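Comments concern the structure below.
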Amino acid sequence: MIGSYFKTTSRNLMRNKLFSLLNVVGLAISMSVGLLLIAFLLDLRSYDRFHQNGERIHRLTSVLIEKGGTSGKFATTSQKTGTLIRQKITGLEALTILRNDFSQDARVGDQILPIKGYWAEPSLFRIFTFPMLEGNPETALKDPYSIVLTETAAKKLFGHQPALGKTVRFDTLHYQVTGVMKDVPFFSHLHFEALVSLSTAEQLHKNTNDFEKWANMASNYVYLLLPPTADRASIQSQLDAIAQEENRAEANTTIRFELLPLSKIVVGETLRHSEGGPGSVGPHVPPMVLWILGGLALVVILSACFNYTNLSIARALRRFKEVGVRKAIGAAQGQVRQQFLLEAILIAGLALLLSFLIFLVLRPLLISLAPEMQRTVKLELTLPMVVAFIVFSVTVGISAGFMPALFFAKVSAIQALRNVSSVNVFKYITLRRALVVIQYTLTLMFITTTTIGYVQYKNMLAFDLGYRTENILNINMQGNQPDALLKKLREMPEVTALSRSLIITSVGNAWGGFIKYKDSRDSTLVMTNHVDQNYLPLHDYGLLAGGNFVARPTTAKAATEVIVNQQFMKRFNIGYNDPQKAIGQEVSFTNFNGTRRMTIVGVIKDFHYGKLDNLVGPVAFLPWTSEDRTIVNAKIQSPDVLKTMSKIETAWKEIDRVHPLEAKFYDESLEEAYREFSVMIKVIGFLSVLAISIASMGLFGMVAFTTETRLKEVSIRKVMGASTGNLIYLLSRSFLVLLSVSALIALPVTYLFFESVMLTHFPYHTPVQVAELLVGLLGVLLIAFLLIGSQTLKAARSNPAEVLKSE
């Protein structure tokens, strides 16, 4: 019987080549999107699976709560937190603290190589499965100035010579190699070249007052290994008790903790930055992105399934006699259903082969969309992926063939064999129309979303940030003092102005501290940047009152001047919002360098410190000192930018032969800051093309079938005097009505989605314009008109004598 099913299916596919081709190609195009999504999800699920105790590993999340509400969640926590948990909490198997600010140049003989890693404890090897090739994992990170290298890092530094016991110099300090471990797997949220004993950092910071401070959570990560029978409620209550006790010393800020499972670090809630430090290590994908991608892929796949259903039911009259004969010789409804489901699965199988070829073409394109994508997924073929592809193909086949199978299984043998026209198909014609409307509604929403998203993205890049960014090159000094480079840049005629800053604003970077005004109990987190006296004029900030920095402090603690924005004044109600009255007022500023009194010497207009999805808030500019990391800001005026960049790179190599030049124009950095939107627009745009292609193929098949079945009607109407224009209108009217209904649904829904949901997260967005809504509609109508017109024109031009001669 199964053999009979295959024979019948094969013959039917060959007999209806056009419809079979449309179904196979439509399903293949949509399934290729599904294959990409499956591969993407499987790669994300592969993260940290190699750890033997992965299901029991948790990272501590810090929830910072300020007076007036929750400020946010942070992946980092304080060094003191880890120490207190180790001392006070029972029921833990192991705990380890990682500190993420180790990034230095390693010197071995005359060789200098940059090395990035973490300060770590010996307990790290008890929690995570990082196999050691040389050395004892229990003692390798115990003593100060001990370092464990990965296999690749050891080869870079020592070649093929044994690294164990050798010495590596960082600045003036010598570290002994106490272990060599296997390279960190690609699918690990932690990536490093070296681990340095945390006891070294403790010695280096023994005179730093804030190193062990409760609220200093800029650089530390705490990981816990829970026992197999751990009582999470008990551990959480003990964490709450520690937080409650320590928070008593904080007047306006409290911290509480949450346990984050290892499996939810890469795919999980987005955690914020803390005082300029990274919010989370390694790759991260918000669950919302997966839901959006999954939803979009589902829409494209459903579109192809609708095509299959439409074309199958459209060909119903041709297959009723086949079903009638089957039932007359004893076939049950279940067997008829199996026949049509098997046919759909076989078509989906053929589509899988074609979709896999499309997958191989699209895979490198998807990975190359953004550098983050290359560091996050590989999309390489694995056995679980192959199995998932096959299961996916069968699922799509069953979904596509479900409605046709039900439809044909209900056909009566007597009705089908006696008079096909007696079969009631009216309700299925209504179903077909509904599917066409749904399909084109989704397609229009895709295209309109792409258009609106692209316009909003371009508006973000062109938005007035409150200062100038044109032709400003930002050069990361990478630990070098800027004086030598500044001297060389001043000698270049193409460089018209220079300044120094701690960070680049408006691209997502953040640095901050807590500020108090007159009320010692009223403290708030204020975003800051450390800049020199040339920064404001170079970027053309609007100065409302006061002036620039006067003093030239050499240390951060010696800095006593501050320039604030309008929102800063409003937050503390300084001078009743009169900028002139704010000059000379004193505030108290606290960060990791301690607390100091500062005097307001200038007030500037509000500007966008963060990205455009953040409201403008209080910002303070502090004087840049030689203790700060440095970004050199160079104003470039050159007819040959490439030649100028070559000169700057030559100057850089003269002061640093180890690190390559890291320099980007401000506008490039802004584009990178919104790259996620650019990538999403490209993905949705790509899916829009697929959706309109699938819908067009379905519409072509429907029109071709309709015109074919109405050829006799067309011929009679021509004989009776109908013109070609009348016939085209007659045959295309129903399809154009369906497209109009789709437009009436899709455009208002898309508009409301953007204005009421999507763009509410961007307080500075531009309103959606009518033209943005109509572009997609006009495109779809044009394609539909060409498809409908080509087929109806062919039918209208047919020779009535040839069509009616057999009547």
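Residue-level check: of (1) modelled with pLDDT under 95; (2) surrounded by fewer than 21 Cβ atoms within 10 Å (Cβ to Cβ); (3) more than 30 Å from Gly294 (Cβ to Cβ); (4) aliphatic (A, V, I, L, M), Ala497 misses just (1). For region 553-576, a residue qualifies if it is surrounded by fewer than 21 Cβ atoms within 10 Å (Cβ to Cβ), aliphatic (A, V, I, L, M) and within 15 Å of Asn529 (Cβ to Cβ), and exactly one does: Ala556. The residue of region 64-106 that is surrounded by the fewest Cβ atoms within 10 Å (Cβ to Cβ), among those that are under 30 Å from Arg657 (Cβ atoms) and at pLDDT 90 or above, is Ala106. If the condition is being free of Cβ contacts under 8 Å to residues at least 60 places away in the same chain, surrounded by fewer than 21 Cβ atoms within 10 Å (Cβ to Cβ) and either β-branched (Val, Ile, Thr) or assigned to a loop (DSSP other than H, G, I, E, B) (or both), then region 597-613 contributes only Thr599. The set of residues from region 133-178 being surrounded by 16 or more Cβ atoms within 10 Å (Cβ to Cβ), farther than 14 Å from Gly117 by Cα and small (Gly, Ala, Ser) comprises Gly135, Ala140, Ala163. Among (1) under 18 Å from His51 (Cβ atoms); (2) surrounded by 16 or more Cβ atoms within 10 Å (Cβ to Cβ), where does Phe186 come up short? Phe186 satisfies all of (1) under 18 Å from His51 (Cβ atoms); (2) surrounded by 16 or more Cβ atoms within 10 Å (Cβ to Cβ) except (2). Looking only at region 149-185, residues that are in contact with a helix residue (DSSP H, G or I) (Cβ under 9 Å, 6 or more places away or on another chain) and within 29 Å of Lys264 (Cβ to Cβ) come to 3 in all.
Can you tell me which residues in region 110-134 are part of a loop (DSSP other than H, G, I, E, B) and modelled with pLDDT of 90 or more? Scanning region 110-134 gives Glu121, Pro122, Ser123, Phe128, Thr129, Phe130, Pro131. I'd like the residue in region 428-474 that is among the aromatic types (Phe, Trp, Tyr), farther than 16 Å from Phe754 by Cβ and in contact with a helix residue (DSSP H, G or I) (Cβ under 7 Å, 6 or more places away or on another chain) and, out of all such residues, is modelled with the highest pLDDT. This residue is Tyr467.
Taken over region 80-102, the criterion of being part of a strand (DSSP E or B), under 18 Å from Phe211 (Cα atoms) and either free of Cβ contacts under 8 Å to residues at least 60 places away in the same chain or not charged (D, E, K, R) (or both) is satisfied by Thr96, Ile97, Leu98, Asn100, Phe102.
Please work out if Leu544 is at pLDDT below 90, hydrophobic (A, V, I, L, M, F, W, C) and part of a strand (DSSP E or B). Here the answer is no, as Leu544 does not meet what is asked. Selection of region 500-529 for residues being out of contact with any Lys or Arg (no Cβ under 9 Å at 6 or more places or on another chain), at pLDDT below 95 and of a type in the set (D, E, K, R) yields Lys516, Lys518, Asp519.
Please work out if Leu793 is surrounded by 14 or more Cβ atoms within 10 Å (Cβ to Cβ), over 37 Å from the mean Cα position of the chain (by Cα) and assigned to a helix (DSSP H, G or I). In short, yes. When we screen Asn220, Asn252, Asn209 for residues that are under 30 Å from Val619 (Cβ atoms) and modelled with pLDDT of 85 or more, the only hit is Asn220. Of everything in region 641-668 that is part of a helix (DSSP H, G or I) and of a type in the set (Val, Ile, Thr), the residue that is nearest to Leu489 (Cα to Cα) is Ile648.
Within region 636-683, being closer than 21 Å to Met477 by Cα, surrounded by 19 or more Cβ atoms within 10 Å (Cβ to Cβ) and either assigned by TED's automatic domain parsing to the domain that holds Gly295 or of a type in the set (Val, Ile, Thr) (or both) holds for Ile636, Thr644, Ile648.
Considering only residues in region 547-596 that are part of a helix (DSSP H, G or I) and of a type in the set (D, E, K, R), the one that is nearest to the chain's Cα centre (by Cα) turns out to be Arg571. In region 571-590, the residues that are without any contact (Cβ under 8 Å) to a residue 40 or more places away in the chain reach residues that are polar (S, T, N, Q) with C-beta atoms within less than 9 angstrom, at least six apart or across chains, in these pairs: Gly575/Gln585; Asn577/Gln566; Pro579/Gln566; Ile583/Thr599; Gly584/Thr599; Glu586/Thr599. Please verify whether Tyr751 is not in a helix (DSSP H, G or I) and not assigned by TED's automatic domain parsing to the domain that holds Leu22, treating the condition exactly as stated. Considered against the rule, which asks whether it is not in a helix (DSSP H, G or I) and not assigned by TED's automatic domain parsing to the domain that holds Leu22, Tyr751 comes out as no.
Of the candidates Leu149, Leu190, Leu195, the single residue that is out of contact with any strand residue (DSSP E or B) (no Cβ under 6 Å at 6 or more places or on another chain) and either under 19 Å from Asp101 (Cα atoms) or in a strand (DSSP E or B) (or both) is Leu190.
Which one of Ser715, Ser732, Ser740 is small (Gly, Ala, Ser), without any contact (Cβ under 8 Å) to a residue 24 or more places away in the chain and either in a helix (DSSP H, G or I) or buried (at least 17 other Cβ atoms within 10 Å of the Cβ) (or both)? The conditions single out Ser740. Being modelled with pLDDT of 90 or more, within 24 Å of Phe389 (Cα to Cα) and part of a helix (DSSP H, G or I) is a property that does not hold for Leu27.
When Ile345, Ile390, Ile358 are checked against the criterion of being at pLDDT 90 or above, in contact with a helix residue (DSSP H, G or I) (Cβ under 7 Å, 6 or more places away or on another chain) and closer than 27 Å to Ser20 by Cα, a single residue qualifies: Ile358.
Quick one: how many residues across region 35-69 are part of a strand (DSSP E or B), touching a strand residue (DSSP E or B) at 6+ places or on another chain (Cβ under 7 Å) and of a type outside the set (Asp, Glu)? So the count comes out to 9. Restricting attention to region 153-187, the residues that are out of contact with any strand residue (DSSP E or B) (no Cβ under 9 Å at 6 or more places or on another chain) and in a strand (DSSP E or B) total 1. Has region 136-146 got at least one residue that is part of a strand (DSSP E or B), at pLDDT 95 or above and within 28 Å of Glu93 (Cβ to Cβ)? Looking for residues that are part of a strand (DSSP E or B), at pLDDT 95 or above and within 28 Å of Glu93 (Cβ to Cβ), one finds at least one in region 136-146, hence yes.
Taking region 257-273 as the range and being at pLDDT 90 or above, over 13 Å from Arg56 (Cα atoms) and surrounded by 18 or more Cβ atoms within 10 Å (Cβ to Cβ) as the test, the residues that pass are Phe257, Ile265, Val266.
The values are calculated or read from the model by the stated rules, or taken from the named source; none is laboratory data. Keep in mind that what you see is a predicted model, and the values were worked out from it rather than measured. For neighbour counting, all protein chains shown are included, and Cβ atoms are generated from backbone atoms with ideal geometry for every residue, glycine included.
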